[in-house]
Amino acid sequence: MSNWSRRRVLRGIVNGGVVSVGLPLLNCFLNDNGTAHADGRPLPVRFGTWFWGCGMSAKVFVPTKFGTNYDLPEEIKAFKPIQQHMNMLTNYTAFLDGNENLCHFSGWVATRAGHAPKSREDRPGETIDITIANQIGRTSRFKTLTATATGEPRTTVSYEGVNSPTMPEYTALHLYQRIFGSEFQDPNAPTFTPSPAVMVRKSVLSGVMDDVKKLNRRVGAEDRARLDQYFTSLRHLEQQFDQQLQRPDPIAACKAPPVIKDDVPAGRDFELVARRHKIMSELMAMAVACDQTRVFNLAYSAPFADTVRAGYEKPHHSATHEEGIDEERGYQPEVSWFTRRAMDGWVELVQAFANVKEGDGTLLDNCFIMGNSDHGLARIHSLDGMAMFTAGRAGGQLKTGLHIDGAGSPTTRLSYTALRLMGVNANSFGSKSNATSKEISEIVA
């Protein structure tokens, strides 16, 4: 039975009918040790990004030791339970190339899109999550999933194009409904009925694609190029519809979460943000485990981080500029408090993926998750000394448990590493000083 899949068996039984009768989850659909499908297909490798705003305080954030068994200064003490699952990458730079430092904007754009923007209207273009999604996410239900724990719908660091920001789900309830609502097809359910709504969308899309083909024959070269880009996105959408209209293969790791009926109240208080982020982390992990998506983005806070807490009058971002440096400690205590809460969020995300068993390991083992911020030290809007993270082993392609000194090299090295490991055929990434063709080799297995 090594060349069988559950999908193939069921299609053969019902001859492509709308309603099918399921089979139980059988060991014959995986190989002997659970590391791949029985037909030899490896378990998929997924990609995710995580973002927090306003950087960090190097004095209490950057470890003094490099390599393995690195120390955990005060701001990252929370990393202890996940230290073996992640890498610390410090002392990297987002280069401006003579452009203005656009506070809380230039840094993340350079990292994720590869260039220093000339103005705030100089939008990122395609960010790496979209590039990777076009490589590995075309056949999943959602090419990408993006969410923000801020409760603010404009918080996004993902762009399909200059005029196409990826709009995030900004409440836990909305994210749950989008993933596990009425159109979710449980891959382990005993029966399968394709969604009538998806069938209608597929039919409408077919008509649109026919119209695009006709129009393509009537326009000039420049418009044909624009239509080709549009047509490509439609083909991706068609592939996603096709996927939703077929019986999914069984997935042992997929366990749909309990129904969410009550949402986390709106607000910027850190306790609300933390609750929202925890739920979203768990939903993202199960969305990936259930193969609803293979690429995701989650933001703990916005570039202008506006998280607040009772008893302190300033939000995080304002505190970075207005709080004095404690002479004895050598850093801004309140700012550091907010940073530590963000790091708690990173730990929650990594643990959510590590808690899901997949094959002979965990879901995290088959993921590459990168985390980054908009600045090094937000107090002076620095774009040097920047810190980034990775989590997961990308199906055995990454080493973990390391602290790496970037020696001032561009932050785009992490993005280039991600592109290469996710199978994107790229000889380099970025432009001018942010251009690189050098992976972070120390973490590549």
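Just a few scattered comments:
- Set Ser106, Ser119: member being of a type outside the set (Asp, Glu) and without any contact (Cβ under 8 Å) to a residue 60 or more places away in the chain: Ser119
- Of all residues in the range 151-174, those satisfying the criterion of being among the acidic types (Asp, Glu) and either assigned to a loop (DSSP other than H, G, I, E, B) or at pLDDT below 95 (or both) are Glu152, Glu160.
- Against the numbered list (1) farther than 15 Å from Asn91 by Cβ; (2) touching a helix residue (DSSP H, G or I) at 6+ places or on another chain (Cβ under 7 Å); (3) of a type outside the set (D, E, K, R); (4) surrounded by 16 or more Cβ atoms within 10 Å (Cβ to Cβ), Gly423 comes up short only at (4).
- Counting only strands (runs of 3 or more DSSP E) that fall entirely inside the range 367-409 and contain at least 1 residues that are surrounded by 22 or more Cβ atoms within 10 Å (Cβ to Cβ), of a type in the set (S, T, N, Q) and assigned by TED's automatic domain parsing to the domain that holds His316, the qualifying elements are 367-372, 386-391.
- Out of Thr131, Thr148, Thr139, Thr127, one residue alone is among the β-branched types (Val, Ile, Thr) and modelled with pLDDT under 95. It is Thr139.
One line per residue, one yes/no per condition, for (1) in contact with a strand residue (DSSP E or B) (Cβ under 8 Å, 6 or more places away or on another chain); (2) touching a residue at least 12 places away in the same chain (Cβ under 8 Å); (3) within 24 Å of Pro81 (Cα to Cα):
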position: Asp384; (1), (2), (3): yes, yes, no
position: Met388; (1), (2), (3): yes, yes, yes
position: Gly396; (1), (2), (3): no, yes, yes
position: Lys399; (1), (2), (3): yes, yes, yes
position: Pro410; (1), (2), (3): yes, yes, no
position: Arg413; (1), (2), (3): yes, yes, no
position: Leu419; (1), (2), (3): yes, yes, no
position: Val444; (1), (2), (3): yes, yes, yes
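- If you go through the range 114-167 and keep only what is under 15 Å from the mean Cα position of the chain (by Cα), surrounded by fewer than 21 Cβ atoms within 10 Å (Cβ to Cβ) and of a type in the set (A, V, I, L, M), you end up with Ile136, Met167.
- Residue within the range 302-324 that is touching a residue at least 60 places away in the same chain (Cβ under 8 Å), in contact with a helix residue (DSSP H, G or I) (Cβ under 7 Å, 6 or more places away or on another chain) and within 30 Å of Gly423 (Cβ to Cβ) present: yes
- Of the numbered criteria (1) in contact with a Ser or Thr (Cβ under 6 Å, 6 or more places away or on another chain); (2) closer than 20 Å to Gly408 by Cα, the one Gly67 fails is (1).
- Test for Ala352: is it in contact (Cβ under 8 Å) with a residue 24 or more places away in the chain, aliphatic (A, V, I, L, M) and in contact with a Ser or Thr (Cβ under 9 Å, 6 or more places away or on another chain): yes
- Leading residue by the ranking (surrounded by the fewest Cβ atoms within 10 Å (Cβ to Cβ)) among those in the range 101-113 that are polar (S, T, N, Q) and not in a loop (DSSP other than H, G, I, E, B): Ser106
- Taken over the range 34-57, the criterion of being at pLDDT 95 or above and either under 23 Å from the mean Cα position of the chain (by Cα) or among the β-branched types (Val, Ile, Thr) (or both) is satisfied by Val45, Arg46, Phe47, Gly48, Thr49, Trp50, Phe51, Trp52, Gly53, Cys54, Gly55, Met56.
- Val308 closer than 30 Å to Gly137 by Cβ and of a type outside the set (D, E, K, R): no
- Scanning the range 246-255 for residues that are crowded, with 17+ Cβ neighbours inside 10 Å and either within 18 Å of Ser182 (Cβ to Cβ) or basic (Lys, Arg) (or both) yields Arg247, Pro248, Cys254.
- Looking across the range 76-95, the residues that are under 21 Å from Thr320 (Cα atoms) and either touching a Gly at 6+ places or on another chain (Cβ under 9 Å) or assigned to a loop (DSSP other than H, G, I, E, B) (or both) come down to Thr90, Asn91, Tyr92, Thr93, Ala94.
- Gly98 meets each of the listed conditions (1) among the small types (Gly, Ala, Ser); (2) surrounded by fewer than 23 Cβ atoms within 10 Å (Cβ to Cβ); (3) in contact with an Asp or Glu (Cβ under 6 Å, 6 or more places away or on another chain); (4) not in a helix (DSSP H, G or I) apart from (3).
- Unique match (being in contact with a Cys (Cβ under 9 Å, 6 or more places away or on another chain) and acidic (Asp, Glu)) among Asp269, Asp344, Asp291: Asp291
- Output for the range 313-364, where each listed residue is surrounded by 15 or more Cβ atoms within 10 Å (Cβ to Cβ), not in a helix (DSSP H, G or I) and not polar (S, T, N, Q): Lys314, Pro315, Glu323, Tyr331, Val356, Glu358, Gly359, Gly361, Leu363
- Test result for Thr131, within 23 Å of Ile369 (Cα to Cα), among the polar types (S, T, N, Q) and free of Cβ contacts under 8 Å to residues at least 60 places away in the same chain: no
The values are calculated or read from the model by the stated rules, or taken from the named source; none is laboratory data. Predicted model, so just to flag it, every value in this text is computed and none were measured. No Cβ is skipped: glycine too gets one built from the backbone with ideal geometry, and neighbour counts run over all protein chains shown.
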